[in-house]
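Below is one structure, written out as structure tokens; the observations come after it.
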Amino acid sequence: MNMTWFEQNLASIVAFVPLLGAICALLIPAEEKGVSRWSAFFFSMLAFVMSLWMFAAYRDYSSSMAFEVRKEWIPAFGVSYHVGVDGISLLLVMLTTFLTPIVVLSTFRAVDEKVNLYMFCMLFLEACMLGSLIALDVFLFYVFWELMLIPMFILIGVFGGDNRIYATIKFFLFTFAGSLLMLVAILYAYLHSTDPLTGGHSTSIYHLVNLNISPNAQMLCFLAFSLAFAIKVPMFPFHTWLPDAHVQAPTGGSVILAGVLLKLGVYGFMRFAIPMFPAAAMKFMPVIAALSVVGVIYGALVAMVQNDIKKLVAYSSVSHLGFVMLGLAAMTVTGVTGALYQSINHGVSTGALFLIVGIIYERAHTREIAHFGGLAKLLPFFAAVFLVVTLSSIALPVTNGFIGEFMILIGTFASGTLKHAKIMTALASTGVVLGAVYMLWMYQRVMLGPVTNEENRGLEDMNLREMLYMAPVIAMIFIMGLFPEPFLRKVEPSVNKFVNQVTSRAKEVEEANARWNEEHGVKTAKAPEDGNH
Amino acid sequence: MQFTLQHLGGNEYSFNLLYLIPLFPLLGAAINGLLWPLLNRITLVFAERKLPRGLVHVTAVGAMAASAGAAIIAFLKLRGLPLSDSPVFVFHWWDWFQAGGLKVAVAFRYDQLTAVMCLIITCIGAMIHVYSIGYMSEEESYNRYFTYLNLFVFFMLILVMGDSLPLMFVGWEGVGLASYLLIGFWFEDSEKASAGKKAFIVNRVGDAGYLLGMFMLFVLFGTLNFSELADKAAASGFSPADHPWMLSAALICLFIGAAGKSAQIPLYVWLPDAMAGPTPVSALIHAATMVTAGVYMIARLNFVYALSPAAMTVVAGVGAATALFAATMGFYQNDIKKVLAYSTVSQLGFMFIAVGVGAWWVGIFHLMTHAFFKACLFLGAGSVIHGMHHEQDMRKMGGLKSYMPITYWTYFLATLAIAGIPPFSGFFSKDEILYKAWTGGNILNPAGKVIFFTGLLAALCTAFYMFRSVFMTFHGESRADEHTREQIHESPRTMTAVLAILAFLATSGGFLGLPHWIPGHPANVLEHWLEPVFAQSAGSLVFHEANGFLFAVISVAVALSGILLARYFYLTPAGQQKAEAWRQDFNSIYTLVQNKYYVDEFYDFAIVKTIHAFSVLLWRIADAFLIDTVAVNGLAQITYYAGYAFRALQTGNVQRYAVGMIAGLAVLAAVLAAKGG
């Protein structure tokens, strides 16, 4: 095999291995549960190994993307199969491939019917997520982005809890509504794009970052993109689909949903919405930051009063993703790097929390906090694992969460472009306190105190399989907390480029907008030279 | 060890073995927490026997001894270098994280201040580990206890050795975690688990302040590394007048962090509850070491604090207020550990007075003497509790003097020290604090004088309530029931030996910081030793001259009157009757004080319940109703009804279409006719 060809196409390979697995899953008869499981595990591990390879082979390509491949797909419309990876997508790809085998392993007992369908959905979902992460063509991205809904729809709708139909339809419509507006914006942007080589329109991100459209159109397009991504993140107040989806989804679905799917919203902002419409983005940053701060506090407060552990974790995601979006809105290298790092951390630690909820649900068949109490005495090993994950979630130093949260907050505080950055940071730092409140309170009610419910006395501690899939997660919590540099080194150059490009492009566009307004006789309240501020 | 860099903060020598000091306790924790349980499981399966319990404490104490040994070696090496050069040992382990302009390394700094802290932590820590062998001997989760205890020491060492604010924060939150785990050590008791949680959360409030303070310093100075901060703060380019608001705000935010960790107003509420933990834990964490972290932090940042008189006034003012407020709460506590807890809060207030008025070394001096006498007091209380079979109520004690002589005498000596009787250690440090408060000219006027009198009053209260605890516990008639009295015993040798050593330190520790007024001007060892650390701020601080001897006389007079008052009220029948009569007359005040001014109740109502109710409202009204029902499902409903309405237009029924067409034509014709007419 030609090594260079292999390495050059590594991004595509990573994304298509799970697709191959998904096809295999369909070919396996429903009775052969074991074959389905192990084949899914094999393919997801293969994808992980490939992505490790990619991680090792990744170098900072300062001018272009790594593992970039561009093939004509629908030349008539300027659509191409254009993929590649940079520091921004690299870690998210790693997170996806890291979590999927764990999820597959975790469902060996929980899913006992339609195993092949379940595994198909998992692997197909993984392929779609990876596809959207490597896509550099907005059309290609959109295809993957929408395809993702189908396996998730099935995962919740077929394998979910009692109220799964409501939850899955809500999830679908919510995200789909946002996506459709984005599609309109994509079409608009496409019609105003030019590929300098062919002279025609193009959907490649390289050409879409140089759009020449009216200031109002920039605003509207940015809002359309933002809506789609904000729903996915989910930012307050577009978050209400999330608790429902989580509560109804099976454990594996929840892990992937919280672990990766939400991050695609953040990623969408970074890859498409902000670079395509930098001036509009910079204008809306204070709004995004304000909504994020509300999300941080609101999510934490509402999480605090939940009775269902899974719902609590779901609302905690709203709070954590608020931190992530705040760091992004700061548009400083530290803040954005922190936001990206925290996305990965959240995937690891909240993914782990959902796995833990799954472990306990498999045994007790309930997730009501009131049903538990004093489990630490009965399940000492589980208690220790749960505690580590809890501490990671509340961002205790030496765990991964601290690095991300710290960089986000300090990066936001020092932001020169974000209005009221200092007040917003101060408000967001109350989330640091509230996070400890809801997590420790929950931990206490479930694990500490006397055993209040005699039914729980029969519960078994974690078994070998469960230890096996929790072990890498626990390891990652500490590795990413103690040695973040190997990860940050891959991320930071790309973030640096992103921040510089967006801020400088925003200025250029502002100037262009001022000229445009002048030519078109639009009166602006501000003098043109004030437009940058 | 080789010379590397010259900073204003000192000449840096890299010393590669520094990491061993914190590493040993970490290893101890890992072995006790992971390796032994694993091996235990294996031997249970294959040899059908458990590992001996002794392995656990040999590991834990061994780790502590090794760590103390490393700290002592580093101290001796540091002492071998000329002090005038301000030598500092540094060790850069690895780059932790960096992004943008932010760079944080896992690197240690061992200067004169760190040396003092490390010696206190490792030596007292080792002693308390030894003491725990006896105290926790009947405990089921023996290895869990020692794992947490070693883990605590590890984080505490990171806290004092870290060379930057973020690394100090690692230790800062880490000790909070260890404290959480140890307070809630007996987690099957819901109250104890809650106490641990409360400690963690109240500390987190402080930590949020710490974070914000750190961010502001970063914006001001562009670094969070101590020696770089010192350089930047001293550089001619930096003038505090340029940042009047931000600098003070940063320092006050950091002080909020200190107030959380060191239990100052308004964040002291967790410490009395923290007494739920095992008593050796209270001695080590909640008296001798962890709670002094705030004082250490301010002393460490002395060069920045010296730039902001406003922030220093806040520090000293809060310290003084806490010293007095907590001392009055010690009056009517009947739980022996609670008395000591409030006393700790109060003594920490004294330390903040010291660092607040700019007398950095005095703050560290009191930190050290307090570590000696308070550890001794707590362990003495532990010995009493151990001997009384888990009785903590002083009303059920009395007359223990004859049953537990070693415990009594060590407790008594330590009480003399805390009360401020010369030549016991507490006298020297407390007297020096009050002296510096009076003579210091570094905070806003006339705060120093107010703080002096507040401190004096607090000292009076301290002598009173501490001797009250001695009299109630050890003197008079035994008030224990028959059954308990028969079983009272002196504690085992591992415990009493530690008590004796600590009592010796509490007695003699003051000689390390002899005051200036003593005839012949003996050397002040501690002040001299710490000089390089505080050299940068020394130039800008002012202390007036005053007659130190006079202050000492006042101090002693105050302490003696406190003791005599306690003796009168608790040992003489006349005094007891008088106290009872006053209690009747001033019942409301008595109740107020005994209930700790209802601060906990106020917090519970004003903060905990309010936030909880507000959150429920948010969830039910904002989330479930406004967003979900009205906006989201409402939109879906509108769509649904719109579809329902429009469905009538597309029934597929040709007759209906025909009716529609004819009706439309009719309307059209009518409109045209009307127009035409």
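The values are calculated or read from the model by the stated rules, or taken from the named source; none is laboratory data. What you are looking at is a predicted structure, and each value in this text was computed from that prediction instead of being measured. Cβ: placed from backbone, ideal geometry, glycine included. Neighbour counts: every protein chain shown.
Annotations
- In the range A:77-89 there is at least one residue matching the filter, namely being surrounded by fewer than 24 Cβ atoms within 10 Å (Cβ to Cβ) and part of a helix (DSSP H, G or I).
- Number of the exception - B:LEU649 against (1) within 14 Å of chain A (Cβ to nearest Cβ); (2) closer than 30 Å to A:TYR166 by Cβ: (1)
- Taking first residues from the range A:195-224 that are closer than 22 Å to A:TRP516 by Cα and partners that are part of a loop (DSSP other than H, G, I, E, B) and aromatic (Phe, Trp, Tyr), the Cβ contacts under 8 Å between residues at least 6 apart in sequence or on separate chains come to A:LEU211/A:PHE277; A:GLN218/A:PHE277; A:MET219/A:PHE277; A:CYS221/A:PHE277; A:PHE222/A:PHE277.
- Qualifying residue in the range B:140-147 (condition: in contact with a His (Cβ under 8 Å, 6 or more places away or on another chain), more than 11 Å from chain A (Cβ to nearest Cβ) and over 18 Å from B:ALA63 (Cβ atoms)): no
- Those helices (runs of 4 or more DSSP H) of the range A:184-250 in which 2 or more residues are among the aliphatic types (A, V, I, L, M) and under 12 Å from A:ALA273 (Cα atoms) occupy A:205-208, A:215-232.
- Test: residue in the range A:459-471 that is more than 22 Å from B:LYS192 (Cβ to Cβ) and polar (S, T, N, Q): yes
- For the criterion of being out of contact with any strand residue (DSSP E or B) (no Cβ under 6 Å at 6 or more places or on another chain), more than 25 Å from B:PHE569 (Cβ to Cβ), modelled with pLDDT under 95 and part of a helix (DSSP H, G or I), B:THR407 fails.
- Residue match in the range B:615-624 (condition: within 14 Å of another protein chain (Cβ to nearest Cβ), part of a helix (DSSP H, G or I), at pLDDT 85 or above and exposed (fewer than 10 other Cβ atoms within 10 Å of the Cβ)): no
- When A:ALA273 is tested against (1) closer than 17 Å to A:ALA230 by Cα; (2) surrounded by fewer than 24 Cβ atoms within 10 Å (Cβ to Cβ), just one condition goes unmet, and that condition is (2).
- Hey, B:ALA606 more than 14 Å from chain A (Cβ to nearest Cβ), over 18 Å from B:ILE265 (Cβ atoms) and in a helix (DSSP H, G or I) or not: no
- Qualifying residues in the range B:195-210 (those that are closer than 23 Å to A:VAL446 by Cα and at the interface with chain A (Cβ under 7 Å from one of its Cβ atoms)) - the one surrounded by the fewest Cβ atoms within 10 Å (Cβ to Cβ): B:ILE201
- Helices (runs of 4 or more DSSP H) enclosed by the range A:350-433 - at least 1 residues per element that are of a type in the set (A, V, I, L, M, F, W, C), under 30 Å from B:TRP245 (Cβ atoms) and within 14 Å of chain B (Cβ to nearest Cβ): A:400-413, A:421-428
- Of the set (1) within 16 Å of the chain's Cα centre (by Cα); (2) closer than 17 Å to A:THR390 by Cα; (3) away from every other protein chain (no Cβ under 12 Å), all apply to A:LEU328 but (2).
- Among residues of the range B:174-194, those that are within 26 Å of B:VAL88 (Cα to Cα) and crowded, with 24+ Cβ neighbours inside 10 Å, counted: 1
- Any hit, the range B:480-498, residues being touching a residue at least 24 places away in the same chain (Cβ under 8 Å) and at positive phi: no
- Any hit, the range B:524-544, residues being modelled with pLDDT under 85, more than 14 Å from chain A (Cβ to nearest Cβ) and loosely packed, with under 11 Cβ neighbours inside 10 Å: yes
- Filter result (surrounded by 14 or more Cβ atoms within 10 Å (Cβ to Cβ), over 30 Å from the mean Cα position of the chain (by Cα) and at pLDDT 85 or above) within the range B:580-614: none
- Scan of the range A:54-113 for residues that are polar (S, T, N, Q) and in contact (Cβ under 8 Å) with a residue 12 or more places away in the chain, ordered by number: A:SER62, A:SER64, A:SER80, A:SER89, A:THR96, A:THR97, A:THR100, A:SER106, A:THR107
- Taking the criterion of being closer than 30 Å to A:THR452 by Cβ and more than 10 Å from chain A (Cβ to nearest Cβ), the residues of the range B:153-185 that qualify are B:ALA178, B:SER179, B:LEU182, B:ILE183, B:PHE185.
- Residue count for the range A:459-484, restricted to those that are part of a loop (DSSP other than H, G, I, E, B) and exposed (fewer than 14 other Cβ atoms within 10 Å of the Cβ): 2.
- Residue count for the range B:178-214, restricted to those that are more than 15 Å from A:LEU387 (Cβ to Cβ) and assigned to a helix (DSSP H, G or I): 21
- Search result, residues across the range B:290-322 that are farther than 25 Å from B:ILE124 by Cβ and either free of Cβ contacts under 8 Å to residues at least 40 places away in the same chain or not in a helix (DSSP H, G or I) (or both): B:ALA306, B:LEU307, B:SER308
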